[in-house]
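Presented below is the structure to which this report refers.
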Amino acid sequence: MAVDINLPAPPSPDRPASTPSGRIRLKLGIVTWLALLLAIGLMLAALFAPLLAPYDPFDPATLDLLDGMMPPMQPSAFTEKTFLFGTDNQGRDVFSSILYGSRVSLTVAFAATFLSLAIGVSAGLVSGYAGGVTDAVIMRVADAQLTFPTILIALLVFGIAQGLVPAAEQESAAVWILIFAIGFSNWPQFARTVRGATLVEKRRDYVAAARLIGVSPARILVTHILPNLAGPVLVIATIGLALAVIEEATLSYLGVGVPPTRPSLGTLIRIGQQFLFSGEWWILAFPAATLVLLALSVNLLGDRLRDALNPRLRDGRR
Amino acid sequence: MTGFVLRRIFQSVLVMLAVALIAFIVIRFVGDPLESLASQETRLEDRAVMMQRLGLDRPVVFQFASFVRRGLSGDFGISYKQQEPVTRMIAERLPATLELALASAALALVLGGLLGIHCALKPESPLTHFIMTVSLVGVSLPTFLIGIGLIYLFSVELGWLPSFGRGETVKLGWWTTGLLTLSGWRSIILPAITLSLFQMTLLMRLIRAEMLEVLRQDYIRFARARGLPQSSIHFGHALKNTLVPVITVAGLQLGSVIAFAVVTETVFQWPGVGSLFINSVQSVDVPVMAAYLVFIALLFVVINLIVDILYYAVDPRLRIARGGGET
């Protein structure tokens, strides 16, 4: 079967769509590579946190209060340990906390993005293919939700879900509630993009042909239309991942995210802010820098991916 | 015109009813309203009496109707945590949030406008490239980090500005204002900048894009050909015609500013509605959450309504286009 990919030809090297001159593009190329390396590096570090972390920040047996508030790279007078990024007030190694923290942050962000992708893509496919009342209802709900900032939706969903869970299980359920809240708050972007692309695809000959030989609508959507939407969905998913990382950090910073026993980057920043005025800058600075690098690199990758795959998507993403 | 306005008002009422329904369901079914009032010693008979008094034994539809009726008269029940009327708690904290939101909206409009105009008039200057890059980095950073960064720079290192609170406030009737004291003005600077950054970038990029578009139009070329002075072309012709969409977006963003204030208020311990909401989410204080939901929704619906009607009044083309239904 001739696959009709609904994407313009990739921009040729000498006439890129996004930049007027080749010189700037070369510079952007390096930045993109750096972002890619950084993002992959941070993700790998999070994935292999237990192997890379010099200490286990959650094992009380390895903590020594005498090591508390150690500045970076200074051997402790009591235990003679050296801490790359210093320690917090309880003697936890900041570097190890960051490794484990990015792990929590990225797990939540990936799971939430996957959830919004699942909800949004299904809603968008159905909406675009069915049309009529179904389309109107789904899109009205998406529009209504898009009116409100995602962080507010996530907070509300989190609060409500927290109320539904019995008090004893609230702490263990918090991560799941957080994933649900963030995932739910981001689905409309997926739905909108997928609906638009489905509207275009369903008018194509291959869909008409499939319908003629009696393929069921569900099968047309999943096996024929869906593969052709991979490009736009990948773009939204990458940008959505960056948004989810920021959203998770914000919620945890506000103290409504993951429980303090499993700190994410946002929780670490929340803790570190308490020491902002007393001079222990490293407790705040290193988690904050990690979050900035993670958010920036993933965001940049999403942007570049969008430019490379589909210039028409560039407008109207917010 | 009246038909359109009536239809929009009807839609808004529908939206508000839907939000009220969500708020009602949350209050009624998330956590037991009775459990929050009764103690362990409350006898079963007393519970039954309480249930009757609260109307919890009646059909749910009636309960919803009475919820809406009480909501219309401004009664959203008693906070589980503070044992205070929710409406009064929100009213007490509203001035702080509104002052912060207006200050940052003004900041965003003025600075975003100036930067946007600069970027449109001098698209190739190094300053423009710099502004555009910084603005991209700015939107990708979480708001709370920018706030912490400002605190670090201006409160910790330089010691110029306070890092939390509203400073001294003055009571004007039920309204408490921080804008009449020096410490109040000093306190609002950092939170207002933090809150305005996102909107500022948005407005700047919008003004730049719109103005570049307008500058390409024939009447601008004609104005140049007539030999009008640059400033009159740029500000009299080009800027004036970019303002309509900009004002719309700025109006719509005012609601977002108040909603975004949730984060900023927490960073700067600003005693506003947003921090009240965060506390209620943390402690699962359902009536406060529900009332905040209704409050924010009302805000958005009213702003949307006003902007729509204004747009309709300003742009005659919409009156024809509206006939065919909207997408």
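The values are calculated or read from the model by the stated rules, or taken from the named source; none is laboratory data. This is a predicted model, so every value here is computed, not measured. Positions of Cβ are backbone-derived with ideal geometry, glycine not excepted, and every protein chain shown enters the neighbour counts. All accessible areas refer to the heavy atoms of the entire protein, side chains included, with ligands and DNA or RNA removed. Shrake-Rupley method; radii C 1.70, N 1.55, O 1.52, S 1.80 Å.
Descriptive notes on the structure:
- Unmet requirement for B:A261, which otherwise passes all of (1) facing chain A (nearest Cβ under 8 Å); (2) crowded, with 23+ Cβ neighbours inside 10 Å: (1)
- Residue match in the range B:271-284 (condition: crowded, with 22+ Cβ neighbours inside 10 Å, more than 9 Å from every other protein chain (Cβ to nearest Cβ) and not in a helix (DSSP H, G or I)): yes
- The range A:209-224 residues that are within 16 Å of A:L125 (Cα to Cα), paired with ones that are open to solvent by 70 Å² or more (accessible area, probe 1.4 Å) and not β-branched (V, I, T) (beta carbon under 8 Å, 6 or more apart): A:I220/A:R211
- Screening B:L252, B:L298, B:L243 for residues that are at pLDDT 85 or above, in a helix (DSSP H, G or I), surrounded by fewer than 19 Cβ atoms within 10 Å (Cβ to Cβ) and not assigned by TED's automatic domain parsing to the domain that holds B:S12 leaves exactly one candidate, B:L298.
- Residue count for the range A:115-165 under the criterion of being open to solvent by less than 40 Å² (accessible area, probe 1.4 Å), touching a helix residue (DSSP H, G or I) at 6+ places or on another chain (Cβ under 7 Å) and not in a helix (DSSP H, G or I): the result is 2.
- Taking the range A:262-280 as the range and being open to solvent by 40 Å² or more (accessible area, probe 1.4 Å) and within 16 Å of B:S163 (Cα to Cα) as the test, the residues that pass are A:R270, A:Q273, A:Q274, A:F277, A:S278, A:G279.
- Residues located in the range A:225-236, provided they are in contact (Cβ under 8 Å) with a residue 12 or more places away in the chain and open to solvent by 20 Å² or more (accessible area, probe 1.4 Å): A:L226, A:P227, A:V233, A:L234, A:I236
- Test: residue in the range B:136-151 that is facing chain A (nearest Cβ under 10 Å), open to solvent by 30 Å² or more (accessible area, probe 1.4 Å), in contact with an Asp or Glu (Cβ under 9 Å, 6 or more places away or on another chain) and not hydroxyl-bearing (S, T, Y): yes
- Failed criterion for B:S39 (all others in (1) modelled with pLDDT under 75; (2) small (G, A, S); (3) under 32 Å from the mean Cα position of the chain (by Cα) hold): (3)
- Annotation: of all residues in the range B:7-23 being open to solvent by 40 Å² or more (accessible area, probe 1.4 Å) and more than 12 Å from chain A (Cβ to nearest Cβ), the one that is nearest to B:F64 (Cα to Cα) is B:L21.
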